[in-house]
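Worksheet for the structure shown next.
The values are calculated or read from the model by the stated rules, or taken from the named source; none is laboratory data. All values derive from a computational prediction rather than experimental measurement. Reconstructed Cβ throughout: ideal geometry from the backbone, glycine too, with neighbour counts over all protein chains shown. Calculation scope for accessible area: heavy atoms of the full protein, side chains included, ligands and nucleic acids excluded. Shrake-Rupley method; radii C 1.70, N 1.55, O 1.52, S 1.80 Å.
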Amino acid sequence: MAEIRNIVILTGAGISQESGIPTFRSEDGLWEQHRVEDVATPEGYIRDPDLVHRFYSRLRKNLDNVKPNPAHEALARLEKEWRRGSVTVVTQNIDDLHERGGSKNVIHMHGELKSILCKECGAHTRWEQDSSEDSVCPVCGKKELRPDIVWFGEMPYFMEEIDSCLSRGSLFLSIGTSGVVYPAAGFVRTVNRLGYPSVEFNLTPSLQNSSFTYSVYGKAGVTVPDFVSRLLESGSIDFLKKQS
Ligand code: NAD
């Protein structure tokens, strides 16, 4: 197996589950008691902007009640201690637990709760408080703010940067993602075309499982720190052969 240099890590809602943030696909098909069409689409926002502002304001406020778990912290450790190349976290999550866990190299492809987007001037501004239709853009002064979240039907952020990371990578990890939401769900196939190994961490096989080279099942808060320790110790993922 080729030497591992740059590591690209895709994370999803599952990595934050043990911190107490519910994942997306609950049994009833709702996201935090709301229909996805109502709170995570441009059409839902046009129909009821107040509801959408209230929904994300509540999620933003809830960040004060949660903290990073050992999986977030292990990825920060990997970034700090890995000497052979870069470690980049590409997250679909809108929480700030990677940063609070100590990761510096984080790409939020679906936006962030602690940011707000101005529909008028396009500014992305750090935003800690509640938002509403009456909130004023600190850059242009207009009342045209919306949650800085990439909704279904919208183009994820930083796609060029992500493509470039994937093309320079030599190991791909995917942690706590169901493999349903594209384009993130397609990254593993890009990695396969590029010809380097991939590892899926999940409770059970995701929809993309057959595309991964290795799978590690169990809670991310346990499996990810263990994996990071072994990777840092050996510099390779040969130990996975015994596991999978
Ligand atoms: P998802 O909810 O569709 O899937 C979560 C996956 O994580 C599932 O496959 C599940 O089996 C797995 N999982 C759950 N608990 C786990 C654990 N403890 N350890 C390991 N795996 C675990 O999430 P998704 O694929 O990220 O897609 C959902 C979309 O919803 C994303 O675009 C994201 O923006 C948004 N979202 C974000 C958050 C957040 O920021 N924390 C939370 C919910 C939804």
Read through the list (1) open to solvent by 40 Å² or more (accessible area, probe 1.4 Å); (2) over 25 Å from Arg47 (Cα atoms); (3) in contact (Cβ under 8 Å) with a residue 40 or more places away in the chain, then give the number of the only condition that Cys165 fails.
(1)
Any residue at all in segment 210-220 that's at negative phi, in a helix (DSSP H, G or I) and touching a residue at least 60 places away in the same chain (Cβ under 8 Å)?
yes
What residue, among those in segment 137-190 that are of a type in the set (Lys, Arg) and within 27 Å of Glu120 (Cα to Cα), is nearest to the chain's Cα centre (by Cα)?
Arg146
Modelled with pLDDT under 95, surrounded by 13 or more Cβ atoms within 10 Å (Cβ to Cβ) and under 28 Å from Arg54 (Cβ atoms): does that describe Val180?
yes
Is it true that some residue in segment 192-199 is among the β-branched types (Val, Ile, Thr) and closer than 24 Å to Ala13 by Cβ?
yes
Please go through segment 168-177 and pick out each residue that is more than 8 Å from the ligand (Cβ to nearest atom) and buried (at least 23 other Cβ atoms within 10 Å of the Cβ).
Gly169, Leu171, Phe172, Leu173, Ser174
Which is away from the ligand (no atom under 13 Å from the Cβ) and modelled with pLDDT under 95, of Glu79, Glu37, Glu32, Glu73?
Glu37
Which of the residues spanning segment 215-239 are in contact with a Pro (Cβ under 7 Å, 6 or more places away or on another chain), open to solvent by less than 20 Å² (accessible area, probe 1.4 Å) and under 20 Å from Gly195 (Cα atoms)?
Ile237
When segment 124-157 is checked residue by residue, the ones that are open to solvent by less than 50 Å² (accessible area, probe 1.4 Å), more than 16 Å from the ligand (Cβ to nearest atom) and not in a loop (DSSP other than H, G, I, E, B) are Thr125, Leu145
For Pro138, indicate whether it is farther than 25 Å from Ser170 by Cβ and touching a residue at least 40 places away in the same chain (Cβ under 8 Å).
no
The lone condition Glu233 fails out of (1) within 16 Å of the ligand (Cβ to nearest atom); (2) farther than 15 Å from Leu173 by Cβ is (1)
